[in-house]
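Colleague: Just dropping this structure here.
The values are calculated or read from the model by the stated rules, or taken from the named source; none is laboratory data. Given the structure is predicted, the values throughout are model-derived calculations rather than measurements. In this analysis, Cβ positions are derived from the backbone assuming ideal geometry, glycine residues included, and neighbour counts consider all displayed protein chains.
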Amino acid sequence: MKHAKGRMDESILVCVYFGPNGERLIRRGHKMASMLDCPLYILTVDSQPYDEFDAEKSGYVESWKDLAEELEVEEFIIRDNDKRPSPKVIKEVAHQLNITQIIIGQTAQSRWEEITKGSFMNVLLKEIPFVDFHVVSVERSIKAEEDGMFEKGVRAYLVLEDDTYKVSFACSKNMCQEGIFFKEVGTDFDNGIFKFMHNNKMHQVHIQENLVPDPSEVPEGCSVNS
């Protein structure tokens, strides 16, 4: 049973996008909502339909849902298959829920992008002048992991051959899991991380020269053609 909120004149909306900073934003919002004893909402926006999300996106959504349930937030909102600019969608949701404070992550935007497209924050301020904004900076370690350590993810498969797990880029009868492989930058071998969904949870295993060096990272129940 959710705690009855004491202040209904304040309400907080956390806007999350796919990446490891989402959990940090949600926990920051929960801390503020607890201090104010007011409702907390979480919103994510995407132009793709939910059923077309890849394993990585679906994994983030499931982890956010679990965290929302754990923290007893008022509502977790997915606005999928929405082709409008995200500030328009955020404005609509803020109006509907009588939001007074919005938490967003600092966007990585170059000076050229600001000149040609305009600052995302400035667009939000123009669209939604009736709320207070809290901008949370992206940790350097997170940004380095996203932008510097791995190449763009590609679809791949975890296969089992002679009691050894390996990554393959072609589906085969020995396939255990379908997922996304992120190759380390600057390596000639298939070293990196393989991420996949299993039992509605996001998992990842480290890959070294195309193999999983530590089979204990593979969750139980990942059998061939599971």
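Colleague: Inside the stretch 1-27, can you point out the residues that are modelled with pLDDT under 90, under 23 Å from E62 (Cα atoms) and among the charged types (D, E, K, R)?
Modeller: Answer for the stretch 1-27, where residues must be modelled with pLDDT under 90, under 23 Å from E62 (Cα atoms) and among the charged types (D, E, K, R): K2, E23, R24.
Colleague: Would you check if there is a residue in the stretch 102-122 being modelled with pLDDT of 80 or more and over 28 Å from D37 (Cβ atoms)?
Modeller: Yes, some residue in the stretch 102-122 is modelled with pLDDT of 80 or more and over 28 Å from D37 (Cβ atoms).
Colleague: Cβ-Cβ below 7 Å, separation at least six or inter-chain, first residue in the stretch 55-83 and assigned to a loop (DSSP other than H, G, I, E, B) and surrounded by 18 or more Cβ atoms within 10 Å (Cβ to Cβ), second aliphatic (A, V, I, L, M) and at pLDDT 90 or above: which pairs?
Modeller: Close Cβ pairs satisfying both conditions: V73/L40; V73/I42; E74/L40.
Colleague: Restricting to the stretch 183-210, what's the tally of residues that are in contact with a Ser or Thr (Cβ under 8 Å, 6 or more places away or on another chain) and not in a strand (DSSP E or B)?
Modeller: The number of residues fulfilling the criteria is 0.
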